[in-house]
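S.K.: Below: one structure in structure tokens.
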Amino acid sequence: MHKPVGPWGSNVQPGDSMLPAEWGYAHDLINMYLGIALFADNELSPEEQRTFMMKFGGWITDVSLNDFQKIWSDVATAYNSLNSREQRYASFLQSTVNVASFLGDSRDKLRAIIRDLVDIASADGELHENEITMIKAAAITYGLSADVRVNVKTGRVELTLRDAN
């Protein structure tokens, strides 16, 4: 069974902090999606929220509404307990590593997650430099190289993914 490290690292145990007793793949995915949505401006716009929910629903289809609300609450509590941008970025990266571990060698799924991050980050009509940095860091974790840019003519975000090897 997949037993990832929580967003604070391996030295924190349940009971030592607000780390949920059960932190799994769905938690990590929500943590990544919430992290990319909130990191730039600390606001979850309606467009980001819709995109976030649509993307998550495509991955986790067997979670009841009550289970989703519990997972969301766990992740939001964890995210809000972090005191700095550095801690939030580290939490995002840890979840990225956990998802990579869970999905293993499934390059297509890992590429799809990177595309999800781009869609969520740009859903509010803006793509911040720190969001691009987070997307590129996730891609590197997955053994990919990501080129993310806004086309100045169309205003659309363009993503090119390649194997890093």
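S.K.: Collect the residues in the range 5-53 that are modelled with pLDDT of 50 or more and among the aromatic types (Phe, Trp, Tyr), keeping them in residue-number order.
M.R.: 23, 25, 33, 39, 52
S.K.: Restricting the first residue to the range 70-94 and requiring it to be among the acidic types (Asp, Glu), which pairs with a second residue that is in a loop (DSSP other than H, G, I, E, B) meet a Cβ separation below 8 Å and a spacing of at least six or different chains?
M.R.: Pairs found: 74/20; 74/23.
S.K.: So, one more: If I ask for residues that are open to solvent by 20 Å² or more (accessible area, probe 1.4 Å) and aromatic (Phe, Trp, Tyr), which ones from the range 20-38 would you list?
M.R.: Within the range 20-38, just 25 meets the criteria.
S.K.: Look at the range 78-127 and say how many of its residues are within 13 Å of residue 51 (Cβ to Cβ), within 14 Å of the chain's Cα centre (by Cα) and not hydrophobic (A, V, I, L, M, F, W, C).
M.R.: 4
S.K.: Name the pairs: first residue in the range 140-165 and of a type in the set (Lys, Arg), second residue open to solvent by less than 70 Å² (accessible area, probe 1.4 Å) and assigned to a loop (DSSP other than H, G, I, E, B), Cβ to Cβ under 9 Å, at least 6 apart or on different chains?
M.R.: Between residues of the range 140-165 that are of a type in the set (Lys, Arg) and residues that are open to solvent by less than 70 Å² (accessible area, probe 1.4 Å) and assigned to a loop (DSSP other than H, G, I, E, B), the close pairs are 149/127.
S.K.: Looking at the range 31-116, what helices (runs of 4 or more DSSP H) fall wholly within it and have at least 2 residues that are in contact with a Pro (Cβ under 6 Å, 6 or more places away or on another chain)?
M.R.: Numbers: elements: 46-59, 65-81, 85-103.
Correct list: 65-81, 85-103.
This table checks each residue for (1) open to solvent by 20 Å² or more (accessible area, probe 1.4 Å); (2) in contact with a Ser or Thr (Cβ under 8 Å, 6 or more places away or on another chain); (3) of a type in the set (Phe, Trp, Tyr).
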position: 72; (1), (2), (3): yes, no, yes
position: 86; (1), (2), (3): yes, no, no
position: 91; (1), (2), (3): no, no, no
position: 125; (1), (2), (3): yes, no, no
position: 139; (1), (2), (3): no, yes, no
position: 145; (1), (2), (3): yes, no, no
position: 149; (1), (2), (3): yes, no, no
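The values are calculated or read from the model by the stated rules, or taken from the named source; none is laboratory data. These numbers come from a predicted model, not from an experiment. Glycine gets a Cβ as well: all are built from the backbone with ideal geometry, and neighbour counts include every protein chain shown. Heavy atoms of the whole protein, side chains included, go into the accessibility calculation; ligands, DNA and RNA do not. Shrake-Rupley method; radii C 1.70, N 1.55, O 1.52, S 1.80 Å.
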